[in-house]
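In what follows, a single structure is set out as structure tokens and then discussed.
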Protein chains: 4
Amino acid sequence: MTNSTFNGIIAYTVTPFDQNNDQINLDVMYQIIDDLINSGAEAIAVLGSAGECVYLSEQEWQLVAQQSIAHIAGRVPVIVGICELTTKKAVERAIFAHDLGADAIMVSPFSYYKLTDNEIYDHYQSISDNAAIPIMIYNNPMSCGVDMSPTLMLNMIKHIEQAQMIKESSGNIQRIHQIYRTSNGSVPCFNGSNHIALDAFNAGAQGWCTVTPNLIGDLPKQLLQAIKNNDQTLAKTLFFQQQPLLEFITKHGLAVTVKAGLTIKHINAGDARLPLKPLPASEVEKLKDILTLINHNTH
Amino acid sequence: MTNSTFNGIIAYTVTPFDQNNDQINLDVMYQIIDDLINSGAEAIAVLGSAGECVYLSEQEWQLVAQQSIAHIAGRVPVIVGICELTTKKAVERAIFAHDLGADAIMVSPFSYYKLTDNEIYDHYQSISDNAAIPIMIYNNPMSCGVDMSPTLMLNMIKHIEQAQMIKESSGNIQRIHQIYRTSNGSVPCFNGSNHIALDAFNAGAQGWCTVTPNLIGDLPKQLLQAIKNNDQTLAKTLFFQQQPLLEFITKHGLAVTVKAGLTIKHINAGDARLPLKPLPASEVEKLKDILTLINHNTH
Amino acid sequence: MTNSTFNGIIAYTVTPFDQNNDQINLDVMYQIIDDLINSGAEAIAVLGSAGECVYLSEQEWQLVAQQSIAHIAGRVPVIVGICELTTKKAVERAIFAHDLGADAIMVSPFSYYKLTDNEIYDHYQSISDNAAIPIMIYNNPMSCGVDMSPTLMLNMIKHIEQAQMIKESSGNIQRIHQIYRTSNGSVPCFNGSNHIALDAFNAGAQGWCTVTPNLIGDLPKQLLQAIKNNDQTLAKTLFFQQQPLLEFITKHGLAVTVKAGLTIKHINAGDARLPLKPLPASEVEKLKDILTLINHNTH
Amino acid sequence: MTNSTFNGIIAYTVTPFDQNNDQINLDVMYQIIDDLINSGAEAIAVLGSAGECVYLSEQEWQLVAQQSIAHIAGRVPVIVGICELTTKKAVERAIFAHDLGADAIMVSPFSYYKLTDNEIYDHYQSISDNAAIPIMIYNNPMSCGVDMSPTLMLNMIKHIEQAQMIKESSGNIQRIHQIYRTSNGSVPCFNGSNHIALDAFNAGAQGWCTVTPNLIGDLPKQLLQAIKNNDQTLAKTLFFQQQPLLEFITKHGLAVTVKAGLTIKHINAGDARLPLKPLPASEVEKLKDILTLINHNTH
């Protein structure tokens, strides 16, 4: 089954902490959400990689899910991220997200022992059987230690009721090709690798899951619009304008980079959780320069 | 600082569950511990990879730590495994293990976002600063998504007070060489890659961290003894006798394989937690054949 | 220095052999060249990977270079491939190609012992110093055992007189991005990875080096034209129409696949040289189906 | 079929050049051969990786083969290296070596296009069918671009008449394990990875193919002898004494390192062929220190 609720720019929140890196800072979280909606994002995703989902306690994860959905209040659809080592816990969180009224969940397997395709399939099947909420299958091999092939994901889309969309973050453009061609473009495929955003759109991705609106507002949306208008010259210009940031994010990690960028923008979302360290000062300077240059070119 | 409490065979427990894969089965856990001590193991390690540490709830992890230490009751030293995504949680568990009277903790970083050497170093430093218990630095890149070089680990041994031993599970014999030669054999290095046990001993490993005594009793200890006796002919014979099991474990994973093997031995430790699946029947048959052949050659 | 002689579709010849795989079949070679020119190719490249350059004797290599240039007779520019293990031999061939009147040479390092960036740089410098003919720097890590970074290649373009163009065949779209953005699009960059042809054009590649016109005539040229017309809808359709062939070629190898395809088209170019074997019959059938479907969709 | 002519230390020659890197320096070649025989090597191998086989012209390769065999004159058995891209050329060289009276040939596939197991098998079969000389199957994936599994190599040993020995240079100790255990130690397996020499002997390797006697005389032979005497303490001491050199060679390459080392020993074998560059001065100093320390510890 496939889902057509979502498309375009799906903007991701970080999870802001207070000064001790201890408590969730809800006020900043609300501001971040409002800024993303103002950037024109078609949907908001919370508790993804950028949201440090696996670094939160159960209570924190629930709090963020609950407060985000309440604050968004239907202005745009909401996706809640679930990345759990056990099927049992993933199912519990899926039910929780569904009960809160989330529009979809984004589920990635997380591995310590490597998982077989069968094990992954049944993981998604169990979630689908227990929670009546659309699932975005999320492939993020670098962080999750497990790589789902297009074949496996399309097979799950075909047979598992709630598996309705794919988010591909392997960074390999051929995966997007294969999903598009094998499904004749019928399966909603979202690109999660910032640095291949242009290529993914041109190869048939239905949308872009990205944290970048936190730092560069509606530029990602402008890129999407140029693609929709079949204006490749503008699309290429917009892509290469953003590309230094996209490469920087890919190199330094979503949460750490976005939190540094928010600080530059005087939004205090705190740091990522230890052992993750803030960007070193020299890299903060580079990020500042990148953002300044992008904004300068914008106006 | 280095530690000389440990050497020889450090045997690992699995965490046995009841039929629903839900509750810890303490009775079976005690039996497993007793069997390992009877196999001649010089120490017992609980809550390692084999113990499904990352798949347990906080309460379960605490229960296993507590009950294991109580049941071992000083018969052999006990090591408690800690594999956490945040430094804060790792510190909490280190303090908990120390308070219980564990003899050491075995700490591996666990990553979602990749970690730099600095981030890893400070992770260990924080643990050492907060809990007065010897740390075995555990490198397991396949499962933890982070690979610590010999240089980094030796540097931590040199400068971080409680970092006193290394467990190397990358499977690369040159890492053992490098640790041995760089430290002139002064740093206790334990091999955690079953399939290179012979090579690691000959290259200077002080011990072998292994689950195999759960299935083949004192054969690992016999191999160690042959090495100590400088009897390479016997050591080679003993190694190649065990090797099919060592390869099988490496291929199918510690927890899943040992639980299947215990079932073959009529010890009901349940299955590993979903999404991990039990060995398929055909592989169980292969494991049976391997164990039968090993035992046949033993007597 | 950069060169603007070349752009668009650069079509590659295979080297046809007689029945015993022994002698060059010149008549078939002329026919192949004529067919490629008729397909609208902007240039012809001989003695590339597809031309089995490294499998030919010195005499054969010279014969193919000579006869190809003579037969093309200025109808389109000609590039001659050079892939040698020693600098001395590469220089000799560069001089030979220049003396024949080739318009450019395409040079890839070939390695047994791994090469450092310095060694590669000086290899190209020596060629440039000894032969006054434009060099296309050819990065083909899979076949040549050496991977040149965009930074290294752009550095050579900047400082080595005859190094004037890049052919990127790593299959990594980000390499094309990096070359385009770093050079502000000023360095002629040709994509040599068939399966990312659409992405490479959209990311700023100036042309496509490809064997596909041997099998599907002017379809690659049509794709290029759609891109030039800023018609992404058509470009995407044309790309996905060709994509099964592009993936098939990437999987089975250029020379073996094209020779099988030519046989299907009743052009007898013989087989690739042993130890390379012809496609097995089952794969020939698949290739037939792919070509039939592509041609069916074309008309 | 297996062969028991060879075992122990098989010492490799480099191919010495004159000052212009142009002509083979036969006088130095004779001296190198005599020194290797004096170091106690059980056999000499010429035209291997160290001998820059793939960087020589046909005439040079023939000259080295001919003159080496003539100069060795039966004092020890001789193996001739063959590493060719085409089966035809490999067969020609095998016949040539056989006609010269070589005792064996060491054959590695060399790849531009990747080779399948079938293609490799038939390559060896053709050589065996055409030249009545024992073949040592040589697996060197790093340099040759092709990795032969133990299963493939053992299968060839079983079915191809002249395939009689294996040289394993992947650097993976488990390959040696697998060959030893699968064949019950019946297939002569030679280790070609210097840095795992100790491990390979202990795991059942019948010999060590090595260039090190060129620089450290009979130390490799002493290591072998300690293993034969079942004296692991001495074997370990001897291995770790040599290990810095073994690691250095693995890092910098056989030909380049040995030629630098010979120069240090006032034997002028020239440099490796361009594009390979001589060791930079700073690395030459390191090599000097390593050799000085090894020799100091020896006396």
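For segment D:39-54, indicate whether the set of residues that are within 12 Å of chain C (Cβ to nearest Cβ), over 27 Å from D:Gly217 (Cα atoms) and either modelled with pLDDT of 95 or more or in a loop (DSSP other than H, G, I, E, B) (or both) is non-empty.
First pass over segment D:39-54, keeping only residues within 12 Å of chain C (Cβ to nearest Cβ): D:48-54.
The next check asks that each one be over 27 Å from D:Gly217 (Cα atoms); those that pass are none.
No; the residues of segment D:39-54 include none that is within 12 Å of chain C (Cβ to nearest Cβ), over 27 Å from D:Gly217 (Cα atoms) and either modelled with pLDDT of 95 or more or in a loop (DSSP other than H, G, I, E, B) (or both).
Can you say whether A:Glu42 is charged (D, E, K, R), touching a residue at least 60 places away in the same chain (Cβ under 8 Å) and more than 27 Å from B:Thr86 (Cα to Cα), as far as the supplied structure shows? Explain how you work it out, then say what you get.
Details: charged (D, E, K, R): yes; touching a residue at least 60 places away in the same chain (Cβ under 8 Å): yes; more than 27 Å from B:Thr86 (Cα to Cα): yes.
So A:Glu42 fits the description; yes.
Take the residues of segment D:272-283 that are of a type in the set (A, V, I, L, M) and surrounded by 15 or more Cβ atoms within 10 Å (Cβ to Cβ): which is farthest from D:Leu215 (Cα to Cα)? Don't jump to the end; show me each part of the working.
Step one: filter segment D:272-283 for residues of a type in the set (A, V, I, L, M), giving D:272, D:274, D:276, D:279, D:281.
Subset that is surrounded by 15 or more Cβ atoms within 10 Å (Cβ to Cβ): D:272, D:274, D:276, D:279.
On the way: D:Ala272: 16, D:Leu274: 23, D:Leu276: 20, D:Leu279: 16 Å.
For segment D:272-283, the residue satisfying everything is D:Leu274.
Within segment A:204-224, identify whether any single residue is at pLDDT 95 or above and hydroxyl-bearing (Ser, Thr, Tyr), and answer yes or no.
Scanning segment A:204-224, I find at least one residue that is at pLDDT 95 or above and hydroxyl-bearing (Ser, Thr, Tyr), so the answer is yes.
When both residues are 6+ apart or on different chains and their Cβ atoms are under 7 Å apart, which pairs have a first residue that lies in segment D:187-201 and is closer than 15 Å to D:Ala50 by Cβ and crowded, with 24+ Cβ neighbours inside 10 Å, and a second that is among the basic types (Lys, Arg) and modelled with pLDDT of 95 or more?
D:Phe190/D:Lys167; D:Gly192/D:Lys167
How about segment B:11-28: which of its residues are touching a Ser or Thr at 6+ places or on another chain (Cβ under 9 Å) and either under 20 Å from B:Ile216 (Cβ atoms) or within 12 Å of another protein chain (Cβ to nearest Cβ) (or both)?
If the condition is that a residue be touching a Ser or Thr at 6+ places or on another chain (Cβ under 9 Å) and either under 20 Å from B:Ile216 (Cβ atoms) or within 12 Å of another protein chain (Cβ to nearest Cβ) (or both), then B:Ala11, B:Tyr12, B:Thr13 are the ones that fit.
So how many residues does segment B:216-239 have that are under 21 Å from the mean Cα position of the chain (by Cα) and not in a loop (DSSP other than H, G, I, E, B)?
Here is the first cut: in segment B:216-239, the residues under 21 Å from the mean Cα position of the chain (by Cα) are B:216-225, B:227, B:238-239.
With the extra rule that they be not in a loop (DSSP other than H, G, I, E, B), the set shrinks to B:216, B:219-225, B:227, B:238-239.
Of the residues in that region, 11 qualify.
I need a count of the residues in segment B:85-107 that are within 13 Å of chain A (Cβ to nearest Cβ) and of a type outside the set (A, V, I, L, M, F, W, C).
5
State yes or no: is D:Ile267 in a loop (DSSP other than H, G, I, E, B) and either touching a Lys or Arg at 6+ places or on another chain (Cβ under 6 Å) or among the β-branched types (Val, Ile, Thr) (or both)? Break it down into steps so the answer makes sense when it comes.
Values: in a loop (DSSP other than H, G, I, E, B): yes; either touching a Lys or Arg at 6+ places or on another chain (Cβ under 6 Å) or among the β-branched types (Val, Ile, Thr) (or both): yes.
Answer is yes for this residue.
I want to confirm something. Restricting to segment D:235-271 and keeping residues that are over 17 Å from B:Gln174 (Cα atoms) and small (Gly, Ala, Ser), which single residue is surrounded by the fewest Cβ atoms within 10 Å (Cβ to Cβ)?
D:Gly253
Which condition from (1) modelled with pLDDT of 95 or more; (2) in a helix (DSSP H, G or I); (3) under 21 Å from the mean Cα position of the chain (by Cα) is the one that B:Ser282 breaks?
The single condition B:Ser282 does not satisfy is (3).
Got at least one residue in segment B:108-129 being among the β-branched types (Val, Ile, Thr), away from every other protein chain (no Cβ under 13 Å) and on the phi < 0 side of the Ramachandran plot? Please lay out each step first, then the result.
Restricting attention to segment B:108-129, the residues satisfying the condition of being among the β-branched types (Val, Ile, Thr) are B:116, B:120, B:127.
Next cut, away from every other protein chain (no Cβ under 13 Å) only: none.
No, segment B:108-129 contains no residue that is among the β-branched types (Val, Ile, Thr), away from every other protein chain (no Cβ under 13 Å) and on the phi < 0 side of the Ramachandran plot.
Given the structure, is A:Ile127 within 22 Å of the chain's Cα centre (by Cα), part of a helix (DSSP H, G or I) and of a type in the set (Val, Ile, Thr)? Don't jump to the end; show me each part of the working.
On the way: within 22 Å of the chain's Cα centre (by Cα): yes; part of a helix (DSSP H, G or I): yes; of a type in the set (Val, Ile, Thr): yes.
Judged against the criteria, A:Ile127 is a match.
Failed condition for D:Ser149, given (1) closer than 19 Å to D:Asp99 by Cα; (2) surrounded by fewer than 20 Cβ atoms within 10 Å (Cβ to Cβ); (3) small (Gly, Ala, Ser), with all others met?
With (1) closer than 19 Å to D:Asp99 by Cα; (2) surrounded by fewer than 20 Cβ atoms within 10 Å (Cβ to Cβ); (3) small (Gly, Ala, Ser) applied to D:Ser149, the lone miss is (1).
Somewhere in segment D:205-213, is a residue of a type in the set (Phe, Trp, Tyr), surrounded by 20 or more Cβ atoms within 10 Å (Cβ to Cβ) and assigned to a helix (DSSP H, G or I)?
no
Quick check on my filter: what residues within segment C:136-159 are outside any helix (DSSP H, G or I) and either facing chain D (nearest Cβ under 10 Å) or farther than 16 Å from C:Ile179 by Cβ (or both)? Step through it out loud before you land on a result.
Here is the first cut: in segment C:136-159, the residues outside any helix (DSSP H, G or I) are C:136-140, C:145-149.
Selection gives C:Asn140, C:Gly145, C:Val146.
Of the residues A:Glu42, A:Glu52, A:Glu58, A:Glu92, which single one is farther than 21 Å from A:Ala132 by Cβ and over 19 Å from the mean Cα position of the chain (by Cα)? Talk me through it step by step, then tell me what you get.
Working: A:Glu42 fails: over 19 Å from the mean Cα position of the chain (by Cα); A:Glu52 fails: over 19 Å from the mean Cα position of the chain (by Cα); A:Glu92 fails: farther than 21 Å from A:Ala132 by Cβ.
Matching residue, one of A:Glu42, A:Glu52, A:Glu58, A:Glu92: A:Glu58.
Restricting attention to segment B:175-192, report how many residues are within 10 Å of chain D (Cβ to nearest Cβ) and in a loop (DSSP other than H, G, I, E, B).
Within segment B:175-192, the subset within 10 Å of chain D (Cβ to nearest Cβ) is B:176-178, B:180-181, B:184-185.
So of that shortlist, the ones also in a loop (DSSP other than H, G, I, E, B) come out as B:184-185.
Residues that pass the stated criteria total 2.
Looking at segment B:235-263, which of the residues that are in contact (Cβ under 8 Å) with a residue 40 or more places away in the chain and aliphatic (A, V, I, L, M) is farthest from B:Cys53 (Cα to Cα)?
B:Leu245
So which residues in segment B:67-81 are outside any helix (DSSP H, G or I) and either among the small types (Gly, Ala, Ser) or more than 16 Å from B:Ile10 (Cα to Cα) (or both)?
Applying the first criterion (outside any helix (DSSP H, G or I)) to segment B:67-81 yields B:73-81.
Within segment B:67-81, B:Ala73, B:Gly74, B:Gly81 qualify.
Return the only residue of B:Tyr12, B:Tyr30 being of a type in the set (Phe, Trp, Tyr), surrounded by fewer than 19 Cβ atoms within 10 Å (Cβ to Cβ) and either in contact with a strand residue (DSSP E or B) (Cβ under 6 Å, 6 or more places away or on another chain) or closer than 26 Å to B:Gly207 by Cβ (or both). Before you say what the answer is, go through the steps one by one.
Details: B:Tyr12 fails: surrounded by fewer than 19 Cβ atoms within 10 Å (Cβ to Cβ).
Only one candidate passes the filter, namely B:Tyr30.
Considering (1) surrounded by fewer than 20 Cβ atoms within 10 Å (Cβ to Cβ); (2) over 30 Å from A:Leu152 (Cβ atoms), say which one A:Gln232 fails and leave the rest.
(1)
Restricting the first residue to segment B:68-84 and requiring it to be within 14 Å of chain A (Cβ to nearest Cβ), which pairs with a second residue that is basic (Lys, Arg) meet a Cβ separation below 8 Å and a spacing of at least six or different chains?
Between residues of segment B:68-84 that are within 14 Å of chain A (Cβ to nearest Cβ) and residues that are basic (Lys, Arg), the close pairs are B:Ile82/B:Arg93; B:Glu84/B:Arg93.
The values are calculated or read from the model by the stated rules, or taken from the named source; none is laboratory data. Source: prediction; values computed, not measured. All Cβ positions, glycine included, derive from the backbone under ideal geometry; neighbour counts span all protein chains shown.
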